[in-house]
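Enquirer: Pasting in a structure now, in structure tokens, and then I'll have a few things to ask.
The values are calculated or read from the model by the stated rules, or taken from the named source; none is laboratory data. Nothing here was measured: the structure is a model prediction, and the numbers come from that model. Heads up, the Cβs are rebuilt from the backbone with ideal geometry, glycines too, and the neighbour counts pull from every protein chain shown. Ligands, DNA and RNA are excluded from the accessible area calculation, which covers all protein heavy atoms including side chains. Shrake-Rupley method; radii C 1.70, N 1.55, O 1.52, S 1.80 Å.
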Amino acid sequence: MDSIKSWLARSGMGSVLILALIIVVVFPLTMDLFRLNLVGKYLTYAFVAVGLVMLWGYGGVLSLGQGVFFGLGGYMMAMFMKLEASDPETTKIQSTPGIPDFMDWNQITELPLWWEPFRHLPLALLAVLLVPTLLAFIISFAMFRRRVGGVYFAIITQAVCLILTVLIVGQQGYTGGVNGITDLKTILGWDTRTDEAKYILYFLNAGLLIASILLCRWIQLSKLGTLLLAMRDKEDRVRFSGYDVSMFKVFAFCLAAMLSAIGGAMFVLQVGFMSPSLVGIVPSIEMVIFAAVGGRMSLVGAVYGALLVNFGKTYFSESFPDLWLFLMAALFIGVVLAFPNGLAGLYESHVKPRLGKRKQMSAGGDSTPSSDIPPATPLHSGAPHGGKPLARTALPDGVQGTSA
């Protein structure tokens, strides 16, 4: 039992198990389906926060454009579901049956070629993973090979957000425009709006999130994780040691992009639509706040941060509809000022030391002092016995005395 406890503490799996217990057992047993579906939506944002822990907390690279990859993953899944909902029988009242309704409204008479692969679920799932990761690789490789970083890289990612948002809104006939892709109901004929489907999707979402955390934790404990930390703290030293720092940054950025895309795809399954409002600069900054509130060095803390911020947004908007934006701003500022390392830092600085003291006190209370150890004899600076100095003599169990 002690070996299991030490392994859980050393590997950080204890906090992961507690998180899994909360989202897989406690929430489903204590919440109605409506609230549970809201939590499922919040957990899709947690994918982005976990990716930011690896990119920002461990890699030292701040990205303010993770909404791009969240949105791309969502659009890849939404395109498949929209094509399934646009079969000729369902769309027979359109001018051109068999294509999405927003295409018909914009006088497009046939499905674009680049939409065709999304008729097949395996290709759509592959696109969810590969398209955002490929875009992240292109951006990061071009920037990091030229040693563009810091605030300049953050601004570039914001520009990518703006470009993609304008592109989606401007190409209304192909992307749904400002309304996005809506009315998503089924996946392979399975209705995602039923109560049973909502429970299944929630547990699927939670399982994928836990798997993502375990993957990132494995990376943190590997040599790669150590190099990411070294790169964050002493980049030049890592470079002079012979490592290609730029490729480590590319890896961290691509990993964060892939996790964000998975979250976007699960968002579409949970909510049933995808909109360009989730791609822009504002939601991307909110996603960074999730990681900051939870603790940018803690994978589990990032999940709690996403839950806390979104719970606060829902509660404040319901209870104080005129003031909820100000209250959310106060929440952000208060947490950052009071707990610079987030919720995880609060645990490390306040809760964990107290738990350690309690363990020490309980362990010390069980032990009794041994009576066969002789008391220490005080040493005097004088030289008794006719001026002869006293010599130290080692006594049993490390107690020191004197001898003439």
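Enquirer: Provide the FRET efficiency to the nearest 0.05 for the ASP183-PHE326 pair, computing r from the beta carbons and using R0 = 35 Å.
Expert: 0.50
Enquirer: What is the distance, in nm, between label points placed 7 Å from the Cα along the Cα-to-Cβ direction at ILE93 and at TRP105?
Expert: 1.4
Enquirer: Further question on the same structure: Rounded if a/c is under 1.5, else prolate if a/b is larger than b/c, else oblate: which is the stretch 174-224, with a ≥ b ≥ c the root eigenvalues of its Cα gyration tensor?
Expert: Cα axes put the stretch 174-224 in the oblate bin.
Enquirer: Less than 15 Å Cβ to Cβ from ASP101, Lys/Arg counted +1 and Asp/Glu -1: what total charge do the surrounding residues give?
Expert: -3
Enquirer: Suppose the chain between PHE137 and LEU33 were pulled fully straight at 0.36 nm per residue; how much longer would it get relative to their current alpha carbon spacing?
Expert: Full-extension gain reported as 33.6 nm.
Enquirer: I would also like to ask the following. If you roll a 1.4 Å probe over the stretch 152-220 with all protein chains in place, what percent of the accessible area is carbon or sulfur?
Expert: That share works out to 67 percent.
Enquirer: Per residue, how much accessible surface does the stretch 219-276 expose to a 1.4 Å probe? Answer in Å², no decimals.
Expert: 39
Enquirer: A follow-up question, please. Relative to the present Cα-Cα distance, how much length would full extension add between LEU113 and ALA159 at 0.36 nm per residue of separation?
Expert: 13.8 nm
Enquirer: Of the listed pairs LYS92/LYS198; LYS82/LYS313; LYS41/LYS82; LYS41/LYS198, which have alpha-carbon separations greater than 18 Å here?
Expert: LYS92/LYS198; LYS82/LYS313; LYS41/LYS82, as the Cα separations exceed 18 Å there.
Enquirer: Between LYS41 and GLN171, what is the label-point separation in nm under the 7 Å Cα-to-beta-carbon projection?
Expert: Taking the two extended label points, one gets 2.7 nm.
Enquirer: Still on this model: TYR243 accessible area, nearest 10 Å², 1.4 Å probe?
Expert: The value for TYR243 is about 80 Å².
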